[in-house]
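Have a look at the structure below, then the notes.
The values are calculated or read from the model by the stated rules, or taken from the named source; none is laboratory data. Remember, it's a predicted structure, so these values are computed and weren't measured experimentally. Here the Cβ positions follow ideal geometry from the backbone for every residue, glycine too, while neighbour counts run over all protein chains shown. Surface accessibility is based on the protein's heavy atoms, side chains included, excluding ligands, DNA and RNA. Shrake-Rupley method; radii C 1.70, N 1.55, O 1.52, S 1.80 Å.
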Amino acid sequence: MMNEAPSNACLNISAFRSEPLFKQAELAWQIFDDAVCFRECITPAAPILFFGDLHAYRKSRLRILTVGLNPSLHEFPANTPFLRFPAIGDSKNRDLYCYLEAMSRYFCIAPYRSWFNSFEPLLNGMGSSYYHDQGFESVALHTDICSPVATNPTWSRLSKNVRNSLVKRGDCLWHMLLQELRPELVALSVAKSHLDRIRFNSLSGWEIIHRFHETDNGNRRAQPYDISAKWHEIQGGRSLFIFGRAAHKPFGLISARQKQKVGEIALEGYRNA
């Protein structure tokens, strides 16, 4: 687990001028400040640039990201809005070192497990986890392609005007973020239309790499569940993107065991390319 910041104060930002994500963190706050004019924007709150241990991710044997649309309203409970991000304290604390530490500590404090655990079996199949205590060589991060701003209602139920306003800068921020994080494997389970938002240089087209014709208990599916993959170039490196169609939760139409199989297939595809 990463070292804790001093309990009495956060370290001075001037000691961390070389941190490349400061620019993205500043932009995340700008996007949040501009979004508070919408009643759908959760306040008090903070923008979420990423979820997970940044230090451990960078040291991982394989850099793995998961992708959603935007943060859940449950990240900021009404009675204790900064329960999951105590290093921020309140939305007036803009010290960027404290902010990045708050993002990095997310899975060590009070993560929204009922949602993120839907990704875990797939990550485990890739030899990764969001959590340190699972014994894997890689620690994954989660990012959101549309916006770092939590909303109520959820993304699909927002008005077109609000969605367009948030995504206009949010997806630009996501691309900037991935250029710094340089992931090698990326797992997405969103509405298929959002795949068009990915603007990295394509090295291949989307290709079905596995098809589930049955449920985990052997029942025939009315419609097969397809897993697709596509190679992109990010900062001179190759990144394999894995996609499964959306449900209420990530890859929610397949079982935990099937998700693990998807992770294993993705890992094998990456290593054998």
Q. Looking only at residues in the range 157-188 that are part of a helix (DSSP H, G or I) and small (Gly, Ala, Ser), which one is most open to solvent (accessible area, probe 1.4 Å)?
A. Ser165
Q) When you go through (1) open to solvent by 20 Å² or more (accessible area, probe 1.4 Å); (2) closer than 22 Å to Ala110 by Cα; (3) modelled with pLDDT of 95 or more; (4) of a type in the set (A, V, I, L, M, F, W, C) one by one for Leu27, which number turns out not to apply? A) (2)
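Each row is one residue, and each column tells you yes or no for (1) farther than 30 Å from Gly125 by Cα; (2) at pLDDT below 95.
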| residue | (1), (2) |
| --- | --- |
| Leu21 | no, yes |
| Asp34 | yes, no |
| Phe38 | yes, no |
| Gly52 | no, no |
| Leu62 | no, no |
| Gly68 | no, no |
| Leu73 | no, no |
| Asn79 | yes, yes |
| Ile88 | yes, yes |
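If I filter the range 237-266 down to residues being farther than 27 Å from Asn219 by Cα and over 16 Å from the mean Cα position of the chain (by Cα), which single residue comes out as surrounded by the fewest Cβ atoms within 10 Å (Cβ to Cβ)? Before the answer, list the steps.
Here is the first cut: in the range 237-266, the ones farther than 27 Å from Asn219 by Cα are 237-241.
Add one more test, that the residue is over 16 Å from the mean Cα position of the chain (by Cα), and what stays is 237-238.
Working: Gly237: 11, Arg238: 13.
Among them, the one singled out is Gly237.
Which ones in the range 118-150 are in contact with a His (Cβ under 8 Å, 6 or more places away or on another chain) and open to solvent by 10 Å² or more (accessible area, probe 1.4 Å)?
Taking the range 118-150 and keeping what is in contact with a His (Cβ under 8 Å, 6 or more places away or on another chain), we get 119, 130, 139, 145-146.
Answer for the range 118-150, where residues must be in contact with a His (Cβ under 8 Å, 6 or more places away or on another chain) and open to solvent by 10 Å² or more (accessible area, probe 1.4 Å): just Val139.
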Q.
Considering only residues that are open to solvent by 70 Å² or more (accessible area, probe 1.4 Å), of a type in the set (A, V, I, L, M, F, W, C) and in contact with a strand residue (DSSP E or B) (Cβ under 8 Å, 6 or more places away or on another chain), which ones fall in the range 189-223?
A. Leu203, Trp206, Ile208
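Condition first: touching a Ser or Thr at 6+ places or on another chain (Cβ under 7 Å), under 24 Å from Ile265 (Cα atoms) and without any contact (Cβ under 8 Å) to a residue 24 or more places away in the chain. Can you find one or more residues in the range 139-147 that meet it? Show your work before the answer.
At the first step, the residues of the range 139-147 found to be touching a Ser or Thr at 6+ places or on another chain (Cβ under 7 Å) are 139-140, 142.
When the remaining residues are screened for being under 24 Å from Ile265 (Cα atoms), the result is 139-140, 142.
Right, trim to without any contact (Cβ under 8 Å) to a residue 24 or more places away in the chain and you get none.
No; the residues of the range 139-147 include none that is touching a Ser or Thr at 6+ places or on another chain (Cβ under 7 Å), under 24 Å from Ile265 (Cα atoms) and without any contact (Cβ under 8 Å) to a residue 24 or more places away in the chain.
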**Q.** Identity of the residue in the range 214-247, assigned to a loop (DSSP other than H, G, I, E, B) and touching a Ser or Thr at 6+ places or on another chain (Cβ under 9 Å), that ends up nearest to Val190 (Cα to Cα)
**A.** Ala246
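So is Arg84 outside any helix (DSSP H, G or I), at pLDDT 95 or above, of a type outside the set (S, T, N, Q) and open to solvent by 20 Å² or more (accessible area, probe 1.4 Å) or not? Outline the logic, then answer.
On the way: outside any helix (DSSP H, G or I): yes; at pLDDT 95 or above: yes; of a type outside the set (S, T, N, Q): yes; open to solvent by 20 Å² or more (accessible area, probe 1.4 Å): yes.
Yes.
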Q) What pairs can you find where one residue is in the range 214-225 and at pLDDT 95 or above, the other is acidic (Asp, Glu), and their Cβ atoms are less than 6 Å apart, with a gap of 6+ or different chains? A) Arg220/Glu214
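Does Glu214 count as under 20 Å from the mean Cα position of the chain (by Cα), at negative phi and not basic (Lys, Arg)? Talk me through it step by step, then tell me what you get.
On the way: under 20 Å from the mean Cα position of the chain (by Cα): no; at negative phi: yes; not basic (Lys, Arg): yes.
Criteria not met by Glu214.
Take Gly263 and decide whether it is among the small types (Gly, Ala, Ser), touching a helix residue (DSSP H, G or I) at 6+ places or on another chain (Cβ under 6 Å) and either in a strand (DSSP E or B) or in contact (Cβ under 8 Å) with a residue 60 or more places away in the chain (or both).
On the way: among the small types (Gly, Ala, Ser): yes; touching a helix residue (DSSP H, G or I) at 6+ places or on another chain (Cβ under 6 Å): yes; either in a strand (DSSP E or B) or in contact (Cβ under 8 Å) with a residue 60 or more places away in the chain (or both): yes.
Yes, satisfied.
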